[in-house]
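Note sheet for the following structure.
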Amino acid sequence: MNIDGYNVIHRGSLKSGITVTDDGYRRKLYLDGDTLQSSMLLDDPNGLDLEYSQAMMTALLFQPAPRKVLLVGLGGGSLVKFLLKFFPEVRVDVAEIDSEVVTVARQYFFLPEDERLRIMLAPGEEVVAARLASGTRYDLLLLDAFDDSGPARALLGEQFLRRCREMLTPGGVFAMNLWNRPSDNFLAIHTSLTSLFGKGTQKLYMNGANRNAIVFGLSTPIQGLDLMGLKPVALDLSRRTGINFLGLLRQLYEQNC
């Protein structure tokens, strides 16, 4: 059996809806049968193949030296592997509700066993509440958790988002992967985030079938919204990672200034 010319190499339980496909060059993870969540180049397993995952890492323009990261939603582990590769000093905590996702990420997407990585099998809202209560703060807080109808609804509530804001270190960055289809209520969610982050709110629209849109919240807003002042940071990140951060910065500037 194949999907769009890719061989199906794994089907998960009905509950998880996981499907893994492979064409010998690229491996993909689908959730709920047909929602593409992760894509990995087999000759570059630590790279970021999908446009939206590269866009999520635009958060590094605002915080180029993260030491502590919390990711809600593991998927195939693309963001985790990227951070572990390019930031040797980083510590990454992951909140993932489904143990089957973790197993698939390790077996098919080469998620490493690494002392810098801790995976917590619990809902994101519970992990955020517990980590905040413990006094833990993060330089990057990345939300990439979806259910069968879009971004996980439990992560859209005002109390949860306010806790995320409180968990950021000075200079910390919040990033949330959303969809910008007519049915996804993006403007209302963006308004809620703007009420929390004020002038520190930035958005980045993507192309594609699901029309991803990333919203960033900065604990310390850029002075005068001088986004193009980040060009040296973008050039350095591009050189180190091979990702066109300068192009992402231009998109960010065009969509927010």
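The values are calculated or read from the model by the stated rules, or taken from the named source; none is laboratory data. Everything numeric here is computed off the predicted structure, so don't read it as measured data. Cβ atoms come from the backbone with ideal geometry, glycine included; neighbour counts cover every protein chain shown.
Of all residues assigned to the stretch 57-64, at least one qualifies as being modelled with pLDDT of 95 or more, part of a helix (DSSP H, G or I) and among the aromatic types (Phe, Trp, Tyr).
Listed here are the residues, each with its yes/no results for (1) surrounded by 20 or more Cβ atoms within 10 Å (Cβ to Cβ); (2) at pLDDT 95 or above; (3) polar (S, T, N, Q); (4) under 29 Å from Thr191 (Cα atoms).
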{"position": "Asp49", "(1), (2), (3), (4)": "no, yes, no, no"}
{"position": "Lys68", "(1), (2), (3), (4)": "no, yes, no, yes"}
{"position": "Leu84", "(1), (2), (3), (4)": "yes, yes, no, no"}
{"position": "Phe110", "(1), (2), (3), (4)": "no, yes, no, no"}
{"position": "Met120", "(1), (2), (3), (4)": "no, yes, no, no"}
{"position": "Gly135", "(1), (2), (3), (4)": "no, yes, no, yes"}
{"position": "Leu142", "(1), (2), (3), (4)": "yes, yes, no, yes"}
{"position": "Arg153", "(1), (2), (3), (4)": "no, no, no, yes"}
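A single entry from Leu74, Leu70 fulfils the requirement of being of a type outside the set (S, T, N, Q) and not in a loop (DSSP other than H, G, I, E, B): Leu70.
The residues in the stretch 1-27 that are of a type in the set (Gly, Ala, Ser), within 24 Å of the chain's Cα centre (by Cα) and either exposed (fewer than 12 other Cβ atoms within 10 Å of the Cβ) or at pLDDT below 85 (or both) can be counted, and the count is 1.
Restricting the first member to the stretch 236-250 and to residues that are in contact (Cβ under 8 Å) with a residue 40 or more places away in the chain and among the aromatic types (Phe, Trp, Tyr), and the second to residues that are surrounded by 15 or more Cβ atoms within 10 Å (Cβ to Cβ) and in a helix (DSSP H, G or I), the beta-carbon pairs closer than 7 Å and six or more apart or on different chains are Phe245/Leu61; Phe245/Ala234; Phe245/Leu237; Phe245/Ser238.
Among residues of the stretch 33-47 being of a type in the set (Gly, Ala, Ser) and within 15 Å of the chain's Cα centre (by Cα), the one that is surrounded by the fewest Cβ atoms within 10 Å (Cβ to Cβ) is Gly47.
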